[in-house]
Amino acid sequence: MNAKPPINDYTNLPNSLLKQTLGLQNRQHGQYLGQTSSYDTRLINLSPFNGRGEFVSSPGTLRRVSPQTHFIMKSESQLEIDDELANLDLVESIVQPHGKALVDLYFRIVHPSFPIMHKNVFLEKYARTYREFTPPMLASVYILALNWWSYSPDLVNLPKPDVHKLEKLAPKFMIDVLNRPKLSTVQAGLLLLQRPEGDSWALTGQLVAVAQELGLHLDCSRWRIPEWERSLRKRLAWALFMQDKWGALIHGRPSLIHLEDWSVRPVELRDFPETADDDSEEEGSSEIEKGRLAFINMISLTEILTDILDTFFTLRATSSIASEGDNAIAVTLERAKPIQLKLKEWYSKLPPCLAVGETKARKLSSTGQSIPSILYCPQQLTQKKRLTPPLLLLSRNNPSPRHPTSLPPNPHTRQHNNPPNHASSSQNPLHNRHLSHLQARTNPPPIFLVLRVQNEPRHHSDFWKLTMGNERDGRGGGMVS
């Protein structure tokens, strides 16, 4: 194990990407100072900041990243550091001596489709010592990589570490770091939400709160931080945005992120440091280009989902529609029209490489079914001369009950080879049950989102179809085409 002492200050570290980092400092964490906090921006700006935009004060070091945006940096106690190092050693002891191979596996398969980390920053820290991470960050990377153990020629014939030990420890480690948040706290939480049986609306809520502590909801495009960190913050913020919106839909909960307090700029291709030239040539790797395009397009789809939730499913929206009485359905149809147009435009602009079933030989598909087949069909079905509301059908072979990101499927999660039938809904008992319910009611609900569920998928990865060229791979147990 590479258990040498970690570096506590990156400021003078030669040739490091971390020199000016705000959110990934070691042994200290930063908290955003909001407009109504006890720190007045006008008074803060009178402080004698040094060339790095820092001013040492009694509660902590003030750091100015823009004239209107400040953070307070606080050091961690020695007790916290000692506990963290002991927990890191425990995590590493569970997977040793395979830590490096698992990190390689993670960045080869998971990261291209779920790019919430900066690969070179992670590898720079890992090359020095695993002790530069937080315990939940290290554990979450190992947990997801262990799902792909059989996809490494160097690991497939070796005894597999006990992933259940890590899964029991990781939530406890998350509790330890919530009050001293870093970008890695949100990264670790999002990764843990992608594991089998890892769904948690409560954890999603905690991550949203942590993200606000870190200022992830703000436009960082002009902040005085490294360019790679600005792009990382955008990708991470939008990943959390997706987790929140789809989680709200599936759990039937109010969304925790509101557009009135969201100024994050759209993600662009330049915000992804890796390109197709960085694709791994090893069999069974994910494609970077498809992964980032799927990530960007899932964000766009999630923005449309936000419109759906705000238009039809807030308490105020449902009360407003109900108050329309006999005119409720006409109002619903009118409100649905612009959303239907957005869905149609979104679908028409999908890159050809994201078409369902589009695969490349010897590669895992980062699309498969990650982009949903959407049937936005205003069914003009009559019942007592009354129009039923539009049915928005998000249709997948195996839709996830949890999260929409383009993370490749767990190869050990049961897959189903039941192609969707968009031409006829008569074979979909869930659809029929809701449709009968709609037709039977004299005052039907304003809108339904019908998810085609087969055999109760239990994991996010059930959303995605595992494809690898045209050969069947017996190692991972996944579906191939």
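Numerical summary
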quantity: Filter pass, Glu282 being at pLDDT below 95, outside any helix (DSSP H, G or I) and farther than 17 Å from Ile116 by Cβ; calculated: yes
quantity: Residue that is surrounded by the most Cβ atoms within 10 Å (Cβ to Cβ) [pool: residues in the stretch 142-190 that are part of a loop (DSSP other than H, G, I, E, B) and among the aliphatic types (A, V, I, L, M)]; calculated: Leu155
quantity: Residue among Val110, Val103, Val91 that is in a helix (DSSP H, G or I) and touching a Ser or Thr at 6+ places or on another chain (Cβ under 9 Å); calculated: Val110
quantity: Qualifying residue in the stretch 36-43 (condition: of a type in the set (A, V, I, L, M, F, W, C), surrounded by 15 or more Cβ atoms within 10 Å (Cβ to Cβ) and not assigned by TED's automatic domain parsing to the domain that holds Val208); calculated: no
quantity: Of all residues making up the stretch 113-136, the number that are in a helix (DSSP H, G or I) and of a type in the set (Val, Ile, Thr); calculated: 1
quantity: Cβ pairs under 8 Å, 6+ apart, first in the stretch 303-331 and within 18 Å of Lys342 (Cα to Cα), second in a helix (DSSP H, G or I) and polar (S, T, N, Q); calculated: Phe312/Thr318; Phe312/Thr332
quantity: Verdict on Thr318 being touching a Phe, Trp or Tyr at 6+ places or on another chain (Cβ under 9 Å) and either surrounded by fewer than 19 Cβ atoms within 10 Å (Cβ to Cβ) or not in a helix (DSSP H, G or I) (or both); calculated: yes
quantity: Any hit, the stretch 193-213, residues being without any contact (Cβ under 8 Å) to a residue 24 or more places away in the chain, out of contact with any Ser or Thr (no Cβ under 9 Å at 6 or more places or on another chain), within 24 Å of Leu146 (Cα to Cα) and among the polar types (S, T, N, Q); calculated: yes
quantity: Residues (more than 18 Å from Lys19 (Cβ to Cβ) and in a loop (DSSP other than H, G, I, E, B)) located in the stretch 44-79; calculated: Asn45, Leu46, Ser47, Pro48, Ser57, Ser58, Pro59, Gly60, Pro67, Gln68, Glu76, Ser77
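Residue-wise test of (1) in a loop (DSSP other than H, G, I, E, B); (2) at pLDDT 95 or above; (3) within 20 Å of His29 (Cβ to Cβ).
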site: Leu216; (1), (2), (3): yes, yes, yes
site: Leu240; (1), (2), (3): no, yes, yes
site: Ser255; (1), (2), (3): yes, yes, no
site: Pro266; (1), (2), (3): yes, yes, no
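The values are calculated or read from the model by the stated rules, or taken from the named source; none is laboratory data. Just so it is clear, the model here is predicted, and its values are computed rather than measured. All Cβ positions, glycine included, derive from the backbone under ideal geometry; neighbour counts span all protein chains shown.
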